[in-house]
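Working notes, structure below.
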Amino acid sequence: MEATFTHPDSLGESQVTIRYLTKSRFKLAAECPRKLYYVGKSEYLDRSVEDSFLAALAEGGYQVGELACLMHPEGVRIDDLNHQNALEQTTELLKKDEVTIFEAALAVGTLFIRVDILRKIGSNIELIEVKAKSYSSKKDGDFRGAKGQIKTDFLPYLRDVAFQRFVAERALPDCTVRAFLMLADKERQATVDGLNQRFKASRDDGRLRIKIAPNTDASALGAPLLAKIAVDDLVNEILVNQLPIEPGLELPFADAVKAFANAYSNDHALLPRISSECAKCQFKAQKWPVSNEPRSGFHECWSQAFNWNEDDFSQGTVLDLWNYMGKTKLIAQGILKPSQVTLEDLGFDGEPPGQAGMTRKHRQWYICHADWPRGGDFYFDNHGFLNASSTWKYPLHCIDFETSVAAIPFVKGRRPYEMTAFQFSHHVIEEGGRIAHRTQWICAEPGIDPNVAFVRALREALKGDEGTIFRWATHENTVLNQLRAQMLQNPDSVPDLAELVAFIEHITVRSGEGKEKIIGARNMVDLCEIAEKFYFHPSTKGSNSLKKVLPALMNSSPFLKNVYEKPAYGGAGISLNFDQPIAWWKVKDGSVVDPYQLLPPVFDDVSRQETEAAEEGLADELREGGAAMAAYGRLQFEDMPQARRQAIVSALLRYCELDTLAMVMAVQAWCSAARS
């Protein structure tokens with residue numbers, strides 16, 4: 001973050017550019033000090049969603065921020081983006097004995113912070129950092145784990161407010177500074193309807209702004225949903241601990257901040273610290289960068305640390321090991337490439353898969369070495385698949401849900417971050433092989449709680465037979481169980497409660513008392529589990545994500561090539577969204593194109609890169625639906641022309657249809673391979 005100030009001197013006026021270490025820059029440095037060199041430079045790829053309009057809507061962060069401000073109606077907002085102006089306005093306001101400031105600016109040397117909410121009462125200062133972070137006062141409590149350690153998912157937020165207190169205590173030495181987090185508490189319930197519709201989003205000059213509905217006062221907000229939590233004891237702990245700087249070098253907090261500030265101010269690249277965290281680097285390109293593409297910070301770090309070249313990177317890294325917790329240990333031992341990993345490293349006996357299919361260690365080993373039974377370009381256990389599929393009943397039903405977890409509830413009685421299911425797609429495979437996109441459902445009307453109508457529509461779509469229902473991974477099962485719990489909490493609002501609950505229980509598995517699993521008679525079959533046990537393609541790098549498995553299947557299945565290279569999918573009776581037949585199997589640069597890349601972008605006013613970036617940082621279970629969550633956020637909170645609204649809905653319908661068609665393709669490819 002740079003700021004330019006004009007200072008008068010004896011020779012006239014001069015420009016001084018200060019590269020401030022802000023709280024967002026400090027957060028990056030605490031994650032990885034090397035990131036300070038890459039951030040903010042246009043020549044480097046940056047997949048961060050820090051300033052993403054879509055991510056803000058998907059997560060509800062801005063709405064939570066405005067709700068926090070409304071809880072302090074006496075507050076004064078400093079909206080000036082100019083650092084010097086903001087500092088001067090803050091200084092003037094702090095002359096008052098009592099004042100509440102939104103976005104107060106404080107600086108010491110090259111350290112600069114903007115405080116979400118600063119309250120001054122005499123010589124006492126409260127710093128309140130507002131976060132749209134899922135929080136439960138019962139489960140998360142004091143942010144500590146079972147062994148007393150600070151929970152890792154809260155540590156970045158606590159470091160953030162620790163840095164703010166560190167700066168504030170030096171900027172305001174005559175004051176006592178206390179630190180707080182303000183979070184939406186999942187244990188609290190909304191006491192008014194339509195609360196989330198009081199916060200509408202707009203973009204002015206590229207900035208996201210929230211417009212608050214008229215007459216939004218304390219009575220309109222109802223009981224507080226946000227919890228203000230004192231965190232000084234945790235901050236004290238952080239301030240006396242050390243932070244890593246370079247390999248083999250850790251410094252006390254104050255010295256680490258100084259080192260970060262000096263490196264950033266001087267645009268100096270600290271030596272890279274290589275660990276398993278590199279896998280999540282926002283500055284990582286998919287491959288060694290070419291001359292006309294943005295530079296990749298990840299590749300530069302590994303190249304500097306290990307003297308790697310393009311050929312080294314082409315062999316992959318141990319970061320590709322799926323679901324393996326010992327990557328940092330391997331790196332410390334100099335084991336950097338999958339080909340260097342041994343059976344002993346994985347604690348694996350090397351035996352071929354048994355009747356139950358591949359285990360986690362099998363998949364990890366196959367990432368490192370093409371040592372699967374029967375050789376070939378990929379591995380498919382046809383016997384295991386045939387055994388697993390022997391109980392399937394036709395017609396086969398493939399379903400996929402799109403969901404959101406709204407920070408601010410739709411209706412009274414709901415809690416922050418409760419599940420909202422707004423869309424599903426449903427494909428059917430007949431016993432003779434005919435497929436059809438039979439039903440779909442979407443409700444994205446602003447302010448409408450879709451959940452009960454969603455369950456009713458799904459029940460209607462799946463009734464009429466006892467055919468096997470497929471899901472991919474656990475998401476659909478989790479969603480239905482959460483919707484069941486919601487309805488049981490508010491039984492009077494659901495006249496057909498018994499029928500809907502019975503339907504959910506019939507097709508799901510849920511936890512009973514203790515560790516007992518209650519399995520419905522028509523419990524959905526998890527195709528992701530089928531892929532994990534019986535199908536391995538090296539291009540997936542062990543991932544069982546549908547969006548990774550589908551391209552692998554398209555590249556390896558003769559059946560899919562034969563069926564989908566012709567423009568035959570579409571039209572009445574086959575598709576509900578593709579009027580004109582489309583060919584899903586297309587080749588570019590020697591590889592089959594990912595079918596999702598054949599669809600037009602969800603948004604006509606946002607780049608595909610930002611759409612993809614909106615999924616970064618979300619929980620694994622929700623990540624593949626990140627773009628849909630962002631789209632739903634736009635439809636809920638952004639005022640837009642009806643034509644654009646309809647275009648987004650149409651795009652959502654096409655993408656969700658492809659999700660269930662991809663499941664159909666997986667079943668077709670595996671069934672064909674098992675018969676050959």
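Taken together, the values in this text are just the output of simple stated rules run on the coordinates, not laboratory data. Keep in mind it's a predicted model, so treat the numbers as computed, not measured. A quick note on method: Cβ atoms are made from the backbone with ideal geometry, for glycine too, and the neighbour counts reach across all protein chains shown.
Region 546-600 and region 346-382 have Cα centres spaced 28 Å apart. Note on the chain: semi-axes of the ellipsoid equivalent to its C-alpha gyration tensor, largest first and rounded to whole Å, are 45, 33, 24.
Look at the alpha carbon pairs under 8 Å that are at least 6 residues apart: their mean separation over the length of region 52-240 gives a relative contact order of 20 percent.
Mind checking the angle between helix 297-306 and the chain's longest principal axis? C-alpha axes, 0 to 90 degrees, to the nearest 10. Long axis of 297-306 versus the principal axis of the chain: about 90 degrees. Protection proxy ranking of 218-231, 468-481, by the mean of other Cβ atoms within 10 Å over each peptide's residues and highest first, is 468-481, 218-231. Under a straight-distance cross-link criterion of Cα-Cα below 18 Å, which lysines are reachable from Lys337, leaving out those fewer than 8 residues away in the same chain? Filter leaves Lys280, Lys284, Lys287, Lys327, Lys329, Lys361, Lys541. Could you give me D for region 52-240, from Stokes-Einstein at 25 °C and 0.890 mPa s, where the hydrodynamic radius is the Kirkwood radius over C-alpha pairs? Units µm² s⁻¹, please. My calculation gives 139 µm²/s for D. Beyond 24 Å, the tail of the calculated P(r) for region 454-573 holds 46 percent of the Cα pairs. Counting charges near Thr191 (Lys, Arg +1; Asp, Glu -1) among other residues having Cβ under 11 Å from its Cβ returns a value of +2.
Counting Lys and Arg as +1 and Asp and Glu as -1 over every other residue whose Cβ lies under 14 Å from the Cβ of Ala220, the net charge comes to -1. Against the chain, whose longest principal axis is taken from its Cα atoms, helix 253-265 shows a tilt of about 80°.
What's log10 of I(q)/I(0) for region 315-398 at q = 0.13, 0.21, 0.23, 0.26 Å⁻¹, Debye sum over Cα points only, no solvent? For the requested q values the scattering log ratios are -0.51, -0.97, -1.10, -1.29.
Each peptide in 331-338, 181-188, 513-520 gets a packing score, the mean of other Cβ atoms within 10 Å over its residues, and the list from highest to lowest is 181-188, 331-338, 513-520. Just name one of Ile150, Ala132, Leu67: the one whose Cα is farthest towards the positive end of the charge dipole of region 58-156 (beta-carbon charges, Lys/Arg +1, Asp/Glu -1). Result: Ile150. As a proxy for reagent exposure, Tyr157, Tyr535, Tyr366 were ordered by neighbouring Cβ count within 10 angstrom, fewest first; the result is Tyr157, Tyr366, Tyr535. A Cβ-based charge dipole, computed about the Cα centre of the chain with Lys and Arg at +1 and Asp and Glu at -1, lands at about 820 debye. Put a plus charge on the Cβ of each Lys and Arg, a minus charge on the Cβ of each Asp and Glu, and nothing anywhere else: the dipole of region 52-240 about its Cα centre is then about 500 debye.
Out of every Cα pair in region 399-458, what percent are spaced more than 18 Å from each other? Counting every Cα pair in region 399-458, those more than 18 Å apart make up 42 percent. Compared with the dominant Cα axis of the chain, that is its longest principal axis, helix 61-70 is turned about 40°. Counting every pair of alpha carbons in region 263-380, the share spaced more than 22 Å apart comes to 43 percent. With Kirkwood's inverse mean 1/r over C-alpha pairs for Rh, give me the Rg to Rh ratio of region 90-166, two decimals please. That ratio equals 1.05.
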